[in-house]
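Please read the structure below before turning to the comments.
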Amino acid sequence: MKVFSFSPFGYEGSLVSVEVDLRRGIPAVDLVGLADGAVKESRERMRSAIRNSGYEFPPERVLISLSPADLKKEGAGFDLAIALAVLDAKKRIDESDENPEGTPLDSESQTRSIPNEDECGILVMGELELNGKIRPVRGVHAAVSTALSGGISMCIVPTGNSEEARDVPGMKVFGAENLCEAFEAMDREDVFTERSDGKLFDSRYNAPENSVEINGILFPPQEGDFDFNQVRNQDFLVRGLQIAAAGGHNLLAYGPPGCGKTLTLQHYGNLVPLLTVEEAQSVTRIHSIAGLLNPGQPLKRKAPFRQPHQTASIEGICGGGPHCAPGEISLAHNGTLFLDEAAEFKASVLQMLRVPLESKSITLSRAGRTTVYPANFQMLIATNPCPCGFYGSKEKICLCSARAVEQYWKKFSGPLLDRIDIRIQVDGKCSDGSPAPKSTAELRVDIARAIQVQRKRQGKKNASLSPSEIADYCRTTDDARKILDQSAKRHQFSPRAVSGCMKLGRTIADMAGKETIDAECMSEAVKYRKNQGGMELGQF
């Protein structure tokens, strides 16, 4: 059986074939294939593990080849694959020596154990201790996904990683505690098991405890003691967050310091439902590549919520480095990217977001290699209206010059703001005894209704609808279309802004259980798009 391991690079990664040749000569272990220090040191770990597990290490000269040869291999995850390949090669030699009809040794090439091309492959990952025990490693979910797409349907991984590997549908897995169990499993296909499709695609599979189900949509348990009914005098903001959660729309909230925009947006995750099992697969793979999954951690069903610091670089946001590691926008895939105090980010970082917001992916190129990460994220932005924070305030005086305010908003640029469907000005008024807004549980009801409709109708959120899908799914009444046309002319909406209003109207109609976007839904959509609250962003 041909042994493969995995070398992480970008989203796809590469399978690495592990070949062993036993030949005559002074006993030694040669390792070729552009291996780094950790992989080269596996020779000594592998030799001790084989002997301490009760096996005889081959007395011949051992050549280990890791191919493709031009791909750099790093990490300790190759230990188990190399050890099994050596033991399998020695087993072949012993069997050929016992079989008088076996193929004699070629005296010229002296090659005795290169596997045949027709052999089936098996993925092997794990780090060896000197006593033969196997330690869990990172990146197993990504490795198994890549192996399955390459036609390999069996894998041997540490016991601590076995559940993580079984989360990939179609892969037969054996979790090994030590080297002996792993080697014995190579000749026994009956010990490899996969998780049944019925269990893997159950809506409650790996859902957090105390998850709440509303109209067939699962929500995570609330974090902490925060509830949205504690947010007073900010009904417009809370309603905007509800619409954003229901349709996946980008949102901008700006207002003076201390008005509550950051606190409210930080708890936005309480409004977002759990990911489906299909959505969780790509999210788990990305976090596995980034090393953010603990060994054995199950499928990530909770939508990611990433909040990078204002000092983040372009590489930190979009990804990069020698191995094209995922950045914040990919780690927020199928989730939310929250930029707090967004005006403090570098202008180049903010402008870099424009293309991924539209394409839902990002292409990274390093050292002649290219990888494409998914980046279907929802962006939330919180910022002050000016450097001092009080521009447009009726209670406090703004100390910023007109030029300072203009330079402040130029960081965002028109093309970036045009991709934000919901714009909300948050004021700093104190509570005046007004009735409490809806609670988190009440807000989730309309969100669940809209999510259920969208999954059944188009299989994705309204914010991701293409122009052709907008024409098919966003049907409007004559009055609603008239309101949109008049608003587009009055506020000089771009074609993208008109499409954004259509998608917002579709979400509001879905929340209300309406099949057609009527005048009421469109009026509310236009209100959020044109920045109800006083200050027009277009003036900057």
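The values are calculated or read from the model by the stated rules, or taken from the named source; none is laboratory data. Source: prediction; values computed, not measured. Virtual Cβ from ideal backbone geometry, glycine too; neighbours counted across all protein chains shown. Note: accessible area is taken over every heavy atom of the protein model, side chains too, but ligands, DNA and RNA are not part of it. Shrake-Rupley method; radii C 1.70, N 1.55, O 1.52, S 1.80 Å.
Odds and ends about this structure:
- Size descriptors for region 153-263, from the alpha-carbon set: Rg then Dmax equal 22.9, 68 Å.
- Distribution of pairwise C-alpha distances over region 230-288, 10 Å bins, in %: 19, 43, 24, 13, 0
- About its Cα centre, the dipole of the chain is roughly 2660 debye, where the only charges are +1 on Lys and Arg Cβ and -1 on Asp and Glu Cβ.
- Each Cα pair under 8 Å and six or more residues apart adds its sequence gap; the mean of these over the residue count of the chain is a relative contact order of 13 percent.
- Net charge over other residues, Cβ less than 10 angstrom from the Cβ of Val272 (K, R count +1; D, E count -1): +2
- Accessible area of the chain belonging to carbon and sulfur atoms, whole % at 1.4 Å probe: 48 percent
- In summary, the lysines within cross-link reach of Lys411, defined as a Cα separation below 26 angstrom excluding same-chain residues under 8 places away, comprise Lys261, Lys346, Lys360, Lys394, Lys396, Lys527, Lys530.
- When the chain is described by a simple charge dipole with +1 on each Lys and Arg Cβ and -1 on each Asp and Glu Cβ, the residue from Ala332, Tyr408, Ser96 located farthest towards its positive end is Tyr408.
- Ellipsoid equivalent to region 130-213 - semi-axes via the Cα gyration tensor, in Å: 25, 16, 12
- Zero-based 5 Å bins, Cα pair distances in region 245-329, whole percents: 3, 11, 17, 20, 21, 16, 8, 4, 1
- Against the chain, whose longest principal axis comes from its Cα atoms, helix 37-52 is set at around 50 degrees.
- Coupling constants for region 452-468 follow from the phi torsions by the Karplus curve (6.51 cos²θ - 1.76 cosθ + 1.60, θ = phi - 60°), and in residue order they are 4, 5, 5, 5, 6, 7, 10, x, 7, 6, 4, 5, 9, 5, 7, x, 5 Hz; glycine and proline get x.
- Compared with the dominant principal axis of the Cα atoms in the chain, helix 495-512 is inclined by about 90°.
- Residues whose amide H lies under 5 Å from that of Phe219, counting only those 5 or more places away or on a different chain, are Val212, Glu213, Ile214, Leu274; hydrogens are built 1.01 Å from N in the peptide plane.
- Region 292-424 - Rg over Rh from alpha carbon coordinates, Kirkwood radius: 1.04
- In Å, descending, principal axis extents of the Cα set of region 23-76: 33, 24, 14
- For Gly320, the residues 5 or more places off, or on other chains, whose built amide H falls under 5 Å of its own are Ala325, Gly327.
- Seen against the Cα atoms of the chain and their longest principal axis, helix 79-98 is set at about 30 degrees.
- DSSP beta bridges in the chain [antiparallel fraction, %, rounded to 5]: 45 percent
- Rounded to two decimals, the Cα-based Rg/Rh of the chain, with Kirkwood Rh, is 1.09.
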